[in-house]
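Everything below concerns the one structure shown next.
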Amino acid sequence: MDTKSVLSALERGLTFCARRQQVLASNIANAQTPGYKAFDLVMKDLGDEEPEGRIQLVATHFNHIRGPADLEMAGEVEMVETVNPYPSLDGNTVDVDREMAKLSENDLRYQTLVKVLVKKFDRIRMAITGEGR
């Protein structure tokens, strides 16, 4: 894999993690909102399971979280409604413990991608400056 495609893949991965962080944080923030439906952002090429239900999101305000088209990865990313077998009586589907676990996993993924990116740039710098010879 050439440097350009590696950097492109890392960029897409970091963008995905940043956007997923927004979605998961929104779920947690709305844990007490009656009728709120929890969502998740899934990237198919990262091995995530096929989502159970697909929905079409429409941004009605400029601060709304955008859908996969904004990620420039429309074929790889989907916004899905999170399935909670035990929603609250008011219809809220947020499971805070599960959302916090997803947040931690997403953070670890992001940190790993950043470390890989730093190593890649170190190798590029070494190639340019001739270090390590």
- Cβ under 13 Å from A25's Cβ, A25 left aside: what net charge do those residues give with Lys, Arg +1 and Asp, Glu -1? 0
- So how do 119-130, 28-39, 79-90 stack up, highest first, on mean other-Cβ count within 10 Å? 28-39, 79-90, 119-130
- Listed residue pairs exceeding 27 Å between alpha carbons, taken from K4/K44; K4/K37; K4/K102: K4/K37; K4/K102
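None of the figures in this text is laboratory data; all of them are computed from the coordinates on show. The structure presented is a predicted model; accordingly, all values stated were derived computationally and were not measured. Positions of Cβ are generated from backbone atoms using ideal geometry, with glycine treated the same way; all protein chains shown enter the neighbour counts.
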